[in-house]
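Here the structure comes first, spelled out in structure tokens, and everything after it is commentary.
The values are calculated or read from the model by the stated rules, or taken from the named source; none is laboratory data. Remember, it's a predicted structure, so these values are computed and weren't measured experimentally. Methodologically, a virtual Cβ is constructed for each residue, glycine included, from the backbone with ideal geometry; neighbour enumeration extends over all protein chains shown.
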């Protein structure tokens, strides 16, 4: 039936709800409850969360660990940043601070390491390019990851959490050497680094 814009409809929203509408309201409510329950269930059972080792750490203590790590395993420098080559199975420390990742790390393909991340000042974000890996790096917390590099090459560590005016300059590097590389000290010239204390 044709009605004008000033004629009220036969039914309005405040009248009694029909049976079919009630059924759909209950279906929508039940589905909302399923989705709500899936959030904690999938968090615990989904397997998508990275297995990490987390504990509190004083930023000064973490900085001291990084300095000791660099002193023990440094093999050269790259643009003024230390380059380290820790042995397979060791703990690897990567420090975030405005506006650098220290040190540059050289790893062996197929070997297992425990990578420790922490910040000395503000929140930073750990993004490993070109891989889709992202972690929050928070001051006062040591976030450890057990990793096995399975592909050789150079991977860039980028900060994806705005940390100040030099945020865009905060790029580090992880170098993965092939598993069949010669044993012993890594070939620094292959990565363009200096072992004599100079920069490239």
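Taking the condition of being modelled with pLDDT of 90 or more and assigned to a loop (DSSP other than H, G, I, E, B), how many residues in the stretch 131-150 meet it?
Total satisfying the criteria: 5.
Here's the yes/no breakdown for (1) surrounded by 10 or more Cβ atoms within 10 Å (Cβ to Cβ); (2) out of contact with any strand residue (DSSP E or B) (no Cβ under 6 Å at 6 or more places or on another chain); (3) within 17 Å of residue 115 (Cα to Cα); (4) modelled with pLDDT of 80 or more:
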{"residue": "11", "(1), (2), (3), (4)": "no, yes, no, no"}
{"residue": "88", "(1), (2), (3), (4)": "yes, no, yes, yes"}
{"residue": "92", "(1), (2), (3), (4)": "yes, no, yes, yes"}
{"residue": "95", "(1), (2), (3), (4)": "yes, no, yes, yes"}
{"residue": "98", "(1), (2), (3), (4)": "yes, yes, no, yes"}
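For the stretch 151-180, what are the residues that are under 20 Å from residue 100 (Cα atoms) and in a loop (DSSP other than H, G, I, E, B)?
Listed by number, the residues that qualify are 160, 161, 162, 163, 164, 165, 166, 170.
Taking the criterion of being surrounded by fewer than 19 Cβ atoms within 10 Å (Cβ to Cβ), out of contact with any strand residue (DSSP E or B) (no Cβ under 9 Å at 6 or more places or on another chain), within 19 Å of residue 72 (Cβ to Cβ) and modelled with pLDDT of 90 or more, would at least one residue in the stretch 173-186 satisfy it?
The answer is no, given that none of the residues of the stretch 173-186 is surrounded by fewer than 19 Cβ atoms within 10 Å (Cβ to Cβ), out of contact with any strand residue (DSSP E or B) (no Cβ under 9 Å at 6 or more places or on another chain), within 19 Å of residue 72 (Cβ to Cβ) and modelled with pLDDT of 90 or more.
Across the stretch 155-172, which residue is surrounded by the most Cβ atoms within 10 Å (Cβ to Cβ) among those that are over 17 Å from the mean Cα position of the chain (by Cα) and either within 21 Å of residue 87 (Cβ to Cβ) or touching a residue at least 24 places away in the same chain (Cβ under 8 Å) (or both)?
Filtering first and then ranking leaves 164.
Listed residues 142, 121; which is in contact (Cβ under 8 Å) with a residue 60 or more places away in the chain, surrounded by fewer than 16 Cβ atoms within 10 Å (Cβ to Cβ) and under 22 Å from residue 81 (Cα atoms)?
Of the residues listed, the single one that is in contact (Cβ under 8 Å) with a residue 60 or more places away in the chain, surrounded by fewer than 16 Cβ atoms within 10 Å (Cβ to Cβ) and under 22 Å from residue 81 (Cα atoms) is 121.
Looking at 54, 45, which is the one that is surrounded by fewer than 17 Cβ atoms within 10 Å (Cβ to Cβ), under 17 Å from the mean Cα position of the chain (by Cα) and either touching a residue at least 12 places away in the same chain (Cβ under 8 Å) or more than 26 Å from residue 180 (Cβ to Cβ) (or both)?
When all the criteria are applied, what remains is 54.
Collect the residues in the stretch 44-57 that are closer than 24 Å to residue 118 by Cα and either at pLDDT 75 or above or in contact with a helix residue (DSSP H, G or I) (Cβ under 6 Å, 6 or more places away or on another chain) (or both), keeping them in residue-number order.
Selection gives 53, 54, 55, 56, 57.
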